[in-house]
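Coordinate-derived values only; no laboratory data. Computed from a prediction, not measured in an experiment: that's the story for all the values here. We place every Cβ from the backbone using ideal geometry, glycine too, and count neighbours over all the protein chains shown.
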Amino acid sequence: MAKKNVSAVAHARAVAAAKKGGGGSGGINKGVVLAVLAALVPFSLPTVVLIFFTMLPTLVSWATEKGPNKYAFLCVGGLNFSGVFPYLFSLWFGVHTLDEAFRMLTDPVMLMTAYGCAMAGWGIYGAMPPMVASYLAASSKRRVGNLKSVQKKLIEDWGDEVAKKGT
């Protein structure tokens, strides 16, 4: 039995080491993203220009966040894109020229919408961990209280011997 547990631990360590050194299969490769963006430039320059300048907060959160889970990138990127998408949609189905993209980029309402949504993403990213921690702490306190009341009822029903550690 002990040999089986040791081999299971060794197997888990080997799997974790393979995932860690597996060439980034758990995340997005930055080189691939840059290659895709470079391939889009000749075909849709106005779209690329608009996305690049309005999605800068997302790019910064993606490039600076450490670790395998890019939660800031998801929060900031999702909300940033939701602020950019209406303008991107109007660019695609309106006048799709570089002049129109630059006109949109000089519109303060558009920039405030895009960057304001990104700021809301940063707010969610910053506010959620303390909120979840306080919820878990309150939930744990409630569970401990419930367990103590059940323990008290058991002691009343069965006597003090129930609460003593057995030998």
Fewest-first ordering of M55, M119 by Cβ atoms within 10 Å yields M119, M55
So, relative contact order of segment 28-162 in percent, Cα under 8 Å, 6 or more apart, is 26 percent
Most exposed to least, judged by fewest other Cβ atoms within 10 Å, T54, T47 sort to T47, T54
